Amino acid sequence: MLRRKVRCFGLVLKRRLRWPIRSAGLNFALAYGLVFVISAGAFLSFIWWNTTGQLDSQVEIAVQVDAADLSHRWAQGGPTALSLAIQDRLDQNVDDDELYLLVGPDGRKYAGNLPGWPVVITRLDTFYELAIKRDGFRTNAKMHAYPLTQGFRMIVGRDVRGRQLVRHVLTDTLIWAWIMVTLLAAGGALAIRRIFRQVVRSIARTTAAVAQGDLSQRIPLTGNETDLVGQTVNTMLERINRLMDGVKQVSNAIAHDLRTPIARARARLEDANRTATSAEELHAAIDRAVMDLDRVTSIFEALLRIAQLEAGARRAAFTVLDIRPLLEGLSELYEASVEDAGLHLDFRAGAVQPVNGDPHLLQQAVANLLDNAIKFAPPGTTITLSVDMQGERLAITVADQGPGMSEDDLSRASERFFRAETARNTPGAGLGLSLVQAVMSLHGGALELRAGELQTGQPGLSATLLLPVVPAVSRKG
Amino acid sequence: MRILLVEDDPTVRAFVLKGLREAGHVVDEADNGKDGLFLAVSENYDVVILDRMLPGGIDGLRILETLRGQKNATPVLLLSALADVDERVAGLKAGGDDYMTKPFAFSELLARVEALGRRGRPESASQTRLVVGDLEMDLLSRTVKRGGEKIDLQPREFRLLEFLIRHAGQVVTRTMLLERVWDYHFDPQTNVIDVHVSRLRQKVDKPFDKPMIHTIRNAGYILRAD
């Protein structure tokens, strides 16, 4: 029960302590104002303390120097000389702020302008600050008593009324200054809040427009720190735009390229249903329709994979890997079918650094390139699979001696569903290179296509996958 | 084999049920997760085919996790319309033995189910000598003989033949070969597997009068003694 109460109290306390203002702009402004006011207060207090301290210590030093001088006179000429010296000083003191008193052992006043020994002064080693009455005025004085020989005692002091006046004026001035500073701080805080709001509003205006569907809006860059946010948002919008374009392009392509096999399957089934005269004929038609539908499924799967890769969310399987054994395996897998197609596969591997990647996706990418090469290379030619370093990047190249591609086709080759005119008669859906391209973007790499074999000048196509290698430092860690 | 099929779509369920029964298996069915889980834990099956998404609050993964939580090691094949590779990994991590995405060819399903059923039998794992008809394979010395005559095989061909022998009398599909022999999980456009199998045939079948590796149309391959 008690514990519960304590906890309740704690909760209440916590709730009470929670800062009530949510607005970031207001908080910034308050923090600014607070810092300003506190620092101004500290600064002005320091000035006050320092100045008044200075004034005090000046008085004390003057009194001590005076007293030392008078003690000297006492030592030289006794009470007579000291009385003369005191009288002398009082006569020359234009400001009328010096206070002296010399009394004998019996308490009789020998010289000085104080009416009598103040009762409060009992100690001879410290300064006293007290109110005294002098020539009918009340005033403040700072005094020090000094012992002399033969039971004589002396008081040296200064009338500090003027100095106190200065202190008052100074205090007033500083308080006013502090009030002004506080007002300035409040104004500054309001200004800061306004600026902050303006900055946020300019971003908010753009993002609101985007939310309304106008993807062409960008946050204007002004050269200040908020550009960091602005740029990030702009980059994000850029990417969203690209993805949206991709989606648009794909839905058009789907409408076109998926309808064809579906329409074909439908026609086959309908036709067989109406006209088939034997069971075999019906079976054959159904088998072909199933094949058409399988093709639709595989196109779907490829499209989904590409979309997934382009969304950039599939880095879970990334690992640091040596690309050579991976390519050796593929080369071994494909060698048989390459030779079966009357071609020759040449595998060359240089010394390469490891890359960070998804082995299955990289296998798929290279397999797609090999599939393409086998599809298009004329019998009797050689397909080269090679891997080497190209500057700071790892380059996997699949080169064939097939018909190659025209410049126009090369630039469009990795678009979804794109098929060069010359490729119309070969099987395929035009998604292989799109997938390769998507795999490369996910890996921060690039797909480069070049027509013609560079060394020999023969026709052909070489596709190069460029992958960033893992920096040597992070590999050790 | 005794097979449990948990699948909510009536068309797919009827199609699979009919096919499995035609292939000579005894099949129980459930159309929701609750019944499926009840059957899976109370009966003894050789293979369980589980749809991943099921009505009734208990989906395929939950059934699978419950089974594995009870130390029930019945081979489970997951069926799903989710083709995502991560989904596949999630399914296999939860204790699934195989994963197929819809739509699928029945022949592929049958081949995989039969392969899973065989995996459940304990004797195959520790054997060092595999024999089918006059074909023998020694796993220790890595040699293959047919009719007493030695056959020279490349390492990969050896693994391919080993897989076929271990699944002798069963249809194995191209995808199964690609996954199990090569450990590749993608779909090559060209007939890479066919070419490897035909090369293996050159060595294992051609010099002899009776072929053992047969092609099953629309499905894959089978290795048989007769």
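The values are calculated or read from the model by the stated rules, or taken from the named source; none is laboratory data. Please read these numbers as outputs of a predicted model, since none were measured by experiment. So basically every Cβ, Gly included, is an ideal-geometry build from the backbone, and we count neighbours across all protein chains shown. Heads up: the accessible areas ignore ligands, DNA and RNA and are worked out on the full protein's heavy atoms, side chains in. Shrake-Rupley method; radii C 1.70, N 1.55, O 1.52, S 1.80 Å.
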query = Considering every residue in A:357-365, what mean count of other chain Cβ atoms within 10 Å of its Cβ is obtained?
reply = 3
request  = Towards the positive end of the charge dipole of the protein assembly as shown, with charges on Cβ (+1 Lys, Arg; -1 Asp, Glu), say which of A:GLN249, A:GLY187, A:GLY116 has the farthest Cα.
outcome  = A:GLY116
query = With the contact rule set at Cα under 8 Å and sequence spacing of 6 or more, what percent relative contact order holds for chain A?
reply = 9
request  = Could you give the size of the charge dipole of the protein assembly as shown about its Cα centre, using +1 on the Cβ of each K and R and -1 on the Cβ of each D and E, expressed in debye and rounded to the nearest 20?
outcome  = 2900
task = Compute the Cα gyration tensor for the stretch A:227-310, then decide on rounded, prolate or oblate, letting a ≥ b ≥ c be the square roots of its eigenvalues: rounded whenever a/c is under 1.5, prolate when a/b is larger than b/c in the other cases, and oblate in all that remain.
result = prolate
task = Calculate the dipole size of the stretch B:123-223 relative to its Cα centre from +1 charges on Lys and Arg beta carbons and -1 charges on Asp and Glu beta carbons; express the result in debye to the nearest 20.
result = 160
remark   = 1/(1 + (r/R0)^6) with r = Cβ-Cβ of A:ALA351 and A:GLU238, R0 = 45 Å, i.e. FRET efficiency to nearest 0.05, evaluates to 0.75
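Among rounded, prolate and oblate, which fits the protein assembly as shown when a ≥ b ≥ c are the square roots of the eigenvalues of its C-alpha gyration tensor, a/c under 1.5 means rounded, and a/b larger than b/c means prolate?
It comes out prolate by the Cα gyration axes.
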query = Span-like helices, chain A: DSSP H, alpha-carbon axial extent 24 Å or more, mean Kyte-Doolittle 0.5 or greater, which ones?
reply = A:161-211
query = Which whole-number percent is the relative contact order of the stretch B:123-223 (Cα, under 8 Å, 6+ apart)?
reply = 24
In nm, spacing of pseudo-spin labels at A:ILE286 and A:PHE28 (7 Å Cα→C-beta vector) = 7.2
query = Counting Lys and Arg as +1 and Asp and Glu as -1, each charge on the Cβ, what is the dipole of the stretch A:227-310 about the Cα centre in debye, to the nearest 20?
reply = 160
inquiry  = Ignoring ligands, DNA and RNA, please state the percent of accessible area on the stretch B:90-226 from carbon and sulfur, probe 1.4 Å.
reply    = 48
Value of relative contact order over chain B, rounded to a whole percent, pairs C-alpha under 8 Å and six or more apart = 13
Cut-off 19 Å (backbone N to label point 7 Å along Cα→Cβ of A:ARG123), residues of the stretch A:18-58 = A:57
inquiry  = If I model a spin label at B:SER42 and B:THR143 as a point 7 Å from the Cα along the Cα→Cβ vector, what separation in nanometres do I get?
reply    = 5.6
task = For every other residue with a beta carbon closer than 13 angstrom to the beta carbon of B:LYS145, add +1 if it is Lys or Arg and -1 if Asp or Glu, then tell me the sum.
result = 0
message = For the pair B:HIS185/A:ALA191, report the inter-label distance in nm, with labels modelled 7 Å from Cα in the Cβ direction.
response = 6.2
request  = Using a 1.4 Å probe and ignoring any ligands, DNA or RNA, find the accessible area of A:LEU165 and quote it in Å² to the nearest 10.
outcome  = 110
key: Within-14-Å neighbourhood charge of B:ASP51 [Cβ basis; K, R +1; D, E -1]   = -4
task = DSSP loop (so not H, G, I, E, B), at most 13 other Cβ within 10 Å: list which trypsin sites (Lys or Arg not before Pro) in the stretch B:114-217 pass both filters.
result = B:ARG142, B:ARG217
task = Give B:LYS34/B:LYS93; B:LYS150/B:LYS206; A:LYS375/B:LYS206; A:LYS109/A:LYS133; B:LYS18/B:LYS93; B:LYS34/B:LYS102 a once-over and call out the pairs whose C-alpha atoms are over 19 Å from each other.
result = B:LYS34/B:LYS93; A:LYS375/B:LYS206; B:LYS18/B:LYS93; B:LYS34/B:LYS102
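Mean residue ellipticity at 222 nm from the helices of chain A, using -39,500 (n - 2.57) per DSSP H segment of n ≥ 4 over the full residue count, to the nearest 500 deg cm²/dmol?
Per the formula, -20500 deg cm²/dmol.
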note = Sorting B:LEU82, B:LEU161, B:THR143 by the position of each Cα along the dipole of the stretch B:53-165 (Lys, Arg +1; Asp, Glu -1; all at Cβ), the one nearest the positive end of that ordering is B:THR143
task = Mind putting together the pair-distance distribution for the stretch B:152-198? All Cα pairs, 5 Å bins, whole percent per bin, short to long.
result = 5, 21, 33, 26, 13, 2
query = In Å², what does the accessible area per residue of the protein assembly as shown work out to with a 1.4 Å probe?
reply = 55
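Taking DSSP loops as anything outside H, G, I, E and B, show the longest stretch in chain A free of trypsin sites (Lys or Arg not before Pro) there with at most 10 other beta carbons within 10 Å. Spell out each step's value before the answer.
Working: sites that count: A:ARG18, A:ARG22, A:ARG108, A:ARG123, A:ARG424.
The reported range is A:124-423.
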message = I'd like the accessible area for A:GLU335, computed on protein heavy atoms only with a 1.4 Å probe and all protein chains in place. Round to 10 Å², please.
response = 80
remark   = At the level of C-alpha centres, the distance separating the stretch A:239-258 and the stretch B:55-112, in angstrom, is 32
query = Which of rounded, prolate, oblate describes chain B, given a ≥ b ≥ c as roots of the alpha-carbon gyration tensor eigenvalues and a/c under 1.5 marking rounded, otherwise prolate only if a/b is larger than b/c?
reply = prolate
ask   = Going through the stretch B:8-106, which trypsin sites (Lys or Arg not before Pro) have at most 13 other Cβ atoms within 10 Å and a DSSP loop state?
value = B:LYS71
